Amino acid sequence: MKFSILAPVVFFLFISWYQIKAGPIDEGRNIFALKCMLCHRIERDSTGPALANVEKRYSIDWIIKFVKSPGKIIRSGDTSAEALFIKFNRTVMPDHTELSDDDIRNIIAYIQFQTKQIASIGAIPMENNDPPVEGKKPGNFHHTGFIISFIIVISTLILVLLFAVQVKRLERKMHGKE
């Protein structure tokens, strides 16, 4: 009896996690489409710089700090930040303090993936028309689907247990009357 209840729970938890968890490239693509694509392209300069190989030009830590608060980095006298500021018509990228370090690393993973595709086929594959994956949003709630699935599984288990308790009560009631 214990195995028959435990097996479906483990199965549903595994399936929920497997289907809902987006990888770093998917998460990065979603965030890039929502936060970066308006001003940046991977293969060429736009309102902001081209992002291909950005991790080779700057350290990951620098990129994270710059994305979160570019104005602060420029004002600090950072020569790289000042050079970008001057090159792009003294336009300051908006702060993205809502992005976690992992969000920014995921964006970089997506940029690296796209850069490899550019190098392998010589052109970017419809990058500008690549919409975010449905149901996947950037921010702090990366595991919302898993949590919802977990709640459904727990609720189902509670209902099954309540049903079993009612059945047992009926059995006791019937045996008590005999």
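The values are calculated or read from the model by the stated rules, or taken from the named source; none is laboratory data. These figures come from a predicted structure and were not determined experimentally. Here Cβ is always computed from backbone atoms with ideal geometry, including for glycine, and neighbour counts include all displayed protein chains.
One residue is enough: does the stretch 37-50 have a residue meeting the conditions part of a helix (DSSP H, G or I) and in the same structural domain as Ile121 (by TED's automatic domain parsing)? Scanning the stretch 37-50 turns up no residue that is part of a helix (DSSP H, G or I) and in the same structural domain as Ile121 (by TED's automatic domain parsing). Within the stretch 54-63, the set of residues being surrounded by fewer than 18 Cβ atoms within 10 Å (Cβ to Cβ) and within 20 Å of the chain's Cα centre (by Cα) comprises Glu55, Ile60, Asp61.
Out of all the residues in the stretch 51-66, is one or more modelled with pLDDT of 65 or more and closer than 30 Å to Leu157 by Cα? Checking the stretch 51-66: not a single residue is modelled with pLDDT of 65 or more and closer than 30 Å to Leu157 by Cα. For the stretch 75-109, the candidate set comprises residues that are within 16 Å of Cys39 (Cβ to Cβ) and among the β-branched types (Val, Ile, Thr); within that set, the residue that is surrounded by the most Cβ atoms within 10 Å (Cβ to Cβ) is Ile107.
For Lys72, are the conditions met, namely being assigned by TED's automatic domain parsing to the domain that holds Asn106, crowded, with 17+ Cβ neighbours inside 10 Å, without any contact (Cβ under 8 Å) to a residue 24 or more places away in the chain and part of a helix (DSSP H, G or I)? No.
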